[in-house]
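Here is the structure we will look at.
The values are calculated or read from the model by the stated rules, or taken from the named source; none is laboratory data. Because the structure is predicted, anything quoted here is derived from the model rather than measured. Using ideal geometry, Cβ is built from the backbone for each residue, glycine included, and neighbour counts are taken over all protein chains shown.
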Amino acid sequence: MIIAVDGPAASGKGTIAKALARHFGLPHLDTGLLYRAVAATVRRLDLDPSREADAVAACDFDELTLADPSLRDDETGQLASIVSAHPLVRAALLQRQKRFAHQPGGAILDGRDIGTVIAPDADAKLFVKASPQVRARRRHAELTGRGSEASFDQVLADIRARDARDSARATAPLTQAADAAALDTSNLTIDASVARAIALVEARL
Ligand code: C5P
């Protein structure tokens, strides 16, 4: 069984994907971490993220480490959305994701293009969304909790900028697959979102 979970930043897709992985006993890959690891390399080497060839030359794509907590910060997320628009970066990460999706016993992956590019053959596809205001509120609360002083308006602007970049790029843009079930978490608690996700997946198996 392959489950594809896609959606924009702070929609709740990561939390939902982890809960689904536990519920169905499947290995899970947060594919955003791959692009974040590329971004972290670009940042460490102080490269220009808009230069595709430099980013590709600098990365050992088979050895990217995904465990570093600093990969999850917002700056890395913004940089990830710049490097992830490069077709050669996406191509270099494609096989690893396809192999993970098609391992014996199944898998769950979350990202932007799982249902459209990585596993168009997935057994169940979810497209998780929420309004930009709700997503910014969640992200702002998370950042404040970690001691950051980012303003709500700045967080909202960052979310809108990332949405625009992820949706407008030519290669594998963020878009709902035709056969994906939409799950709007704007007015749902985490528990209610997870329960709804489980029901949507079960209805598709
Ligand atoms: O999901 P997350 O916020 O960690 O993703 C970081 C960035 O990586 C996204 O804004 C997007 O540009 C990129 N990404 C992608 N394709 C994926 C997963 C993430 O382009 N499958």
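For region 46-71, a residue qualifies if it is farther than 11 Å from V83 by Cα and surrounded by fewer than 12 Cβ atoms within 10 Å (Cβ to Cβ), and the qualifying residues are D46, A57, D60, D62, E63, T65, A67, P69, S70.
If a residue must be basic (K, R) and either closer than 23 Å to P173 by Cβ or within 14 Å of the ligand (Cβ to nearest atom) (or both), how many such residues does region 44-83 contain? Walk me through it before giving the result.
Pass one, region 44-83, residues basic (K, R): 44, 51, 72.
Pick out the ones that are also either closer than 23 Å to P173 by Cβ or within 14 Å of the ligand (Cβ to nearest atom) (or both) and you get 51, 72.
Selection size over region 44-83: 2.
Please enumerate the residues belonging to region 1-43 that are charged (D, E, K, R), more than 12 Å from the ligand (Cβ to nearest atom) and within 12 Å of A80 (Cβ to Cβ). Within region 1-43, just R43 meets the criteria.
Return yes or no: is L205 modelled with pLDDT under 95, more than 17 Å from the chain's Cα centre (by Cα) and not polar (S, T, N, Q)?
Numbers: modelled with pLDDT under 95: yes; more than 17 Å from the chain's Cα centre (by Cα): yes; not polar (S, T, N, Q): yes.
The answer is yes for L205.
Right, A150: of a type in the set (A, V, I, L, M, F, W, C), within 19 Å of the chain's Cα centre (by Cα) and not in a helix (DSSP H, G or I) or not? Taking the combined requirement at face value, the residue does not satisfy it.
Can A177 be described as outside any loop (DSSP other than H, G, I, E, B) and more than 10 Å from the ligand (Cβ to nearest atom)? It is false that A177 is outside any loop (DSSP other than H, G, I, E, B) and more than 10 Å from the ligand (Cβ to nearest atom).
For residues in region 184-205 being under 15 Å from V5 (Cβ atoms) and in contact with a Ser or Thr (Cβ under 7 Å, 6 or more places away or on another chain), which is surrounded by the fewest Cβ atoms within 10 Å (Cβ to Cβ)? Filtering region 184-205 for residues that are under 15 Å from V5 (Cβ atoms) and in contact with a Ser or Thr (Cβ under 7 Å, 6 or more places away or on another chain), the one surrounded by the fewest Cβ atoms within 10 Å (Cβ to Cβ) comes out as I190.
Residues of region 69-99 being modelled with pLDDT under 95 and more than 14 Å from the chain's Cα centre (by Cα), which ones? Once the filter is applied, which keeps residues that are modelled with pLDDT under 95 and more than 14 Å from the chain's Cα centre (by Cα), region 69-99 yields P69, S70, E75. Apart from one condition, A164 fits all of (1) over 16 Å from the mean Cα position of the chain (by Cα); (2) without any contact (Cβ under 8 Å) to a residue 24 or more places away in the chain; the exception is (1).
Of the residues making up region 119-129, those that are out of contact with any Ser or Thr (no Cβ under 7 Å at 6 or more places or on another chain) and within 15 Å of the ligand (Cβ to nearest atom) number 6. Within region 8-51, the set of residues being free of Cβ contacts under 8 Å to residues at least 40 places away in the same chain and among the basic types (K, R) comprises K18, R22, R43, R44, R51.
If I ask for residues that are crowded, with 18+ Cβ neighbours inside 10 Å, closer than 29 Å to A53 by Cβ and more than 8 Å from the ligand (Cβ to nearest atom), which ones from region 86-108 would you list? Talk me through it step by step, then tell me what you get.
So the first thing to find is which residues in region 86-108 are crowded, with 18+ Cβ neighbours inside 10 Å, and the list is 86, 89-90, 92-93, 97, 100-101, 107-108.
With closer than 29 Å to A53 by Cβ added as a condition, the list becomes 86, 89-90, 92-93, 97, 100-101.
Of everything in region 86-108, those that are crowded, with 18+ Cβ neighbours inside 10 Å, closer than 29 Å to A53 by Cβ and more than 8 Å from the ligand (Cβ to nearest atom) turn out to be H86, V89, A92, L93, F100, A101.
No other residue among A157, A181 is more than 27 Å from L94 (Cα to Cα) and not β-branched (V, I, T) apart from A157. Among residues belonging to region 130-159 that are within 15 Å of the ligand (Cβ to nearest atom) and surrounded by fewer than 15 Cβ atoms within 10 Å (Cβ to Cβ), point out the one that is modelled with the highest pLDDT. Taking the candidates together, the pick is A157.
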